[in-house]
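Remarks on the structure that follows.
The values are calculated or read from the model by the stated rules, or taken from the named source; none is laboratory data. Treat the numbers as computed from the prediction; the structure is a model and nothing was measured. Every residue, glycine as well, gets a Cβ built from its backbone with ideal geometry; the counts of neighbours run over all protein chains shown.
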Amino acid sequence: MMELLAPAGGPEQLRLATHFGADAVYLAGRRWGMRSRATNFSDDQLARDIAWAHGRGVSVHVALNVVMADADMDELPSYLRLLDDAGADAVIVADLGVLGLARQHAPHVAPHLSTQASVMSAVTADSWARLGVRRIVLAREMSLAQIAELRRRCSRELELEAFAHGSMCMAYSGRCLLSAELMGRGRSATHGSCAQPCRWGWTLVEERTGAQVPIEQDEGGAYLLSSNDLCMIEHLDSLAEAGVDAIKLEGRAKGSYYTACVTNAYRHVLDGAQAGPWRAELDAVSHRPYSTGFYFGEATQNPGHDDYACERMMVGMVLRSEAAYGSFVVEVECRNRAARDAEAVAISPGEDVRQLRLAALEQWDDQSGVWVPVDMMARNGAHYRFRSPFPLAKRDLVCVATSG
């Protein structure tokens with residue numbers, strides 16, 4: 001079975017990815033990862049959370065895949081030794097120099113080659129393998145037929161990883177200067193701080209006359225560069241048949257609900273569930289229109305506006321539940337507003353999405369030390385409880401439909 005590799009933009013996402021069935025997570029420290037605006041992990045958190053993941057049978061891959069300068073290279077050896085000591089399973093690199101430093105200073109950590117390296121041929125893949133790379137994260141621009149041919153030609157000992165879900169980039173393997181050009185070097189895509197100007201509305205102007213060039217657009221403008229999101233949940237067998245060893249879910253800059261819901265959906269289908277109901281579940285998280293990327297032909301443009309579609313929001317993360325009077329009392333930490341008796345769903349690993357109602361809603365009052373009946377879950381981080389027809393486990397999610 002293909003490995004399921006989930007994004008962990010911070011410690012909470014790591015725990016949710018693990019809870020909902022990831023075989024491995026990929027994350028980054030506070031520097032050198034391609035999602036610098038995510039929460040990410042301090043040095044102390046890395047050591048603790050790698051040990052936590054290993055205790056639950058989950059591997060940890062650490063991204064070191066930004067474009068490196070000499071100043072970065074000077075500081076990397078000590079960080080690589082930290083990763084080696086912490087027991088990281090892999091480092092994701094895109095730079096030949098970083099690969100050399102990783103092999104020298106983190107000899108117990110497997111080097112994986114980032115999609116930033118744009119590998120699309122067996123000759124290139126095997127060349128990296130001879131330098132010590134254990135896994136290739138394939139260029140996102142490859143078709144399934146090209147992956148199958150690369151798999152046929154390259155060393156069987158070399159693992160292949162491919163993206164199966166999440167945002168796509170209009171630039172080749174994400175190597176783009178548009179953000180840095182428009183917003184300054186502090187928002188460089190190649191250093192993990194992309195402002196995503198490709199998602200903005202644009203107008204074409206003829207330089208000589210200043211006249212607007214007629215193009216297809218809506219009232220919000222034209223979206224010339226914005227791509228659809230990738231979704232391959234209905235085609236996992238095709239990825240496996242092409243020779244992919246691991247599928248990767250994009251989303252280190254996304255929130256906890258996204259990590260949990262997407263990981264849960266792909267886990268169910270990898271374990272044999274029908275894709276249809278879980279494809280519908282993926283509509284519930286924040287996303288642009290879905291496509292199959294380059295796997296079956298050319299990728300498609302997002303013709304609509306910049307806003308994400310989202311059908312559901314997380315209102316609580318379960319802390320505990322207990323049997324009481326023929327039902328169960330579920331205590332959650334509040335994340336969004338929800339009214340008493342609101343129709344909700346529970347998301348749990350190994351279960352279908354289940355319906356429930358936020359009955360007998362109460363909030364814990366720190367001052368009086370008692371539970372108080374309330375009409376609304378409204379205070380982020382506060383503890384609430386309600387009655388449920390079934391028990392829920394710690395880190396299960398309770399969600400309601402968005403008002404939009």
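Within region 307-330, residues that are of a type in the set (S, T, N, Q) reach partners that are surrounded by 21 or more Cβ atoms within 10 Å (Cβ to Cβ) and not in a strand (DSSP E or B) with beta carbons closer than 8 Å, at six or more positions or on different chains, in the pairs Ser321/Leu392.
Considering only residues in region 92-132 that are part of a helix (DSSP H, G or I) and of a type in the set (Gly, Ala, Ser), the one that is nearest to Leu80 (Cα to Cα) turns out to be Ala102. If you filter region 32-58 down to residues that are farther than 28 Å from Ala346 by Cβ and among the hydroxyl-bearing types (Ser, Thr, Tyr), you find that the one that is surrounded by the most Cβ atoms within 10 Å (Cβ to Cβ) is Ser36.
Evaluated against (1) in contact (Cβ under 8 Å) with a residue 60 or more places away in the chain; (2) part of a strand (DSSP E or B); (3) more than 20 Å from Tyr258 (Cβ to Cβ), Phe390 falls short on exactly one condition, (2). The set of residues in region 349-404 that are of a type in the set (A, V, I, L, M), over 32 Å from the mean Cα position of the chain (by Cα) and surrounded by fewer than 18 Cβ atoms within 10 Å (Cβ to Cβ) comprises Ala359, Ala360, Val370, Val372, Val374. The single residue among Leu83, Leu138, Leu113 that is crowded, with 21+ Cβ neighbours inside 10 Å, of a type outside the set (Asp, Glu), within 25 Å of the chain's Cα centre (by Cα) and more than 30 Å from Phe296 (Cβ to Cβ) turns out to be Leu83.
The residues of region 268-281 that are farther than 18 Å from Met314 by Cβ and surrounded by 13 or more Cβ atoms within 10 Å (Cβ to Cβ), listed by number, are His268, Val269, Leu270, Ala273, Ala275, Pro277, Arg279. Output yes when any residue across region 14-29 is over 16 Å from the mean Cα position of the chain (by Cα) and in the same structural domain as Ile92 (by TED's automatic domain parsing), and no when none is. Within region 14-29, none of the residues are over 16 Å from the mean Cα position of the chain (by Cα) and in the same structural domain as Ile92 (by TED's automatic domain parsing).
Among the residues making up region 267-317, those that are assigned to a helix (DSSP H, G or I) and either modelled with pLDDT under 90 or touching a Cys at 6+ places or on another chain (Cβ under 9 Å) (or both) are Arg279, Glu281, Leu282.
In this structure, Gly29 does satisfy being surrounded by fewer than 23 Cβ atoms within 10 Å (Cβ to Cβ) and in contact with a strand residue (DSSP E or B) (Cβ under 7 Å, 6 or more places away or on another chain). Check region 111-130 and report whether any residue there is in contact with a Gly (Cβ under 9 Å, 6 or more places away or on another chain), of a type in the set (A, V, I, L, M, F, W, C) and in the same structural domain as Leu16 (by TED's automatic domain parsing). No, region 111-130 contains no residue that is in contact with a Gly (Cβ under 9 Å, 6 or more places away or on another chain), of a type in the set (A, V, I, L, M, F, W, C) and in the same structural domain as Leu16 (by TED's automatic domain parsing).
Evaluating Ala280 against the criteria (1) in contact (Cβ under 8 Å) with a residue 12 or more places away in the chain; (2) assigned by TED's automatic domain parsing to the domain that holds Gly255 leaves one unmet condition, (1). Please verify whether Leu131 is surrounded by fewer than 17 Cβ atoms within 10 Å (Cβ to Cβ) and either modelled with pLDDT under 95 or out of contact with any helix residue (DSSP H, G or I) (no Cβ under 8 Å at 6 or more places or on another chain) (or both), treating the condition exactly as stated. The answer is no for Leu131.
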